[in-house]
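Here is the structure we will look at.
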Amino acid sequence: MKHRRNEKKSGREGLRIQERVGYCTDCGRSVDCLDGFLNGVIFGDGRLRCFPCDEKNKEKDDPM
Ligand SMILES: [Zn+2]
């Protein structure tokens, strides 16, 4: 197999795909999709919440 030296694959390996999905409804932080992994939670009605806020909310909601 011969590789063409001139043909560079763009940038480095492990390039991250980051997609802005929206903003947390609680704190306003941006919620992004990294490599297909969302760093937050999307609700059925389309609202977004980042993980820290979601964690806080769970604590509140949790009766224990
Ligand atoms: Zn938040």
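Quick note: the coordinates plus some simple rules give every number you see, no bench work behind them. Keep in mind it's a predicted model, so treat the numbers as computed, not measured.
Under 5 Å between amide hydrogens, which residues at least 5 positions from residue 31 or on another chain qualify, with H placed 1.01 Å from N in the peptide plane?
21, 22, 23, 24
Take every Cα-Cα pair in the stretch 18-61 and report what % of them are more than 18 Å apart.
20 percent
Expressed in nm to one decimal, what extension gain is obtained for the pair residue 33 and residue 19 from 0.36 nm per residue of sequence separation less their Cα-Cα distance? Provide the component values of the computation, followed by the final result.
Values: separation 14, 0.36 × 14 = 5.04 nm, distance 0.49 nm.
Fully extending the segment from residue 33 to residue 19 adds 4.5 nm.
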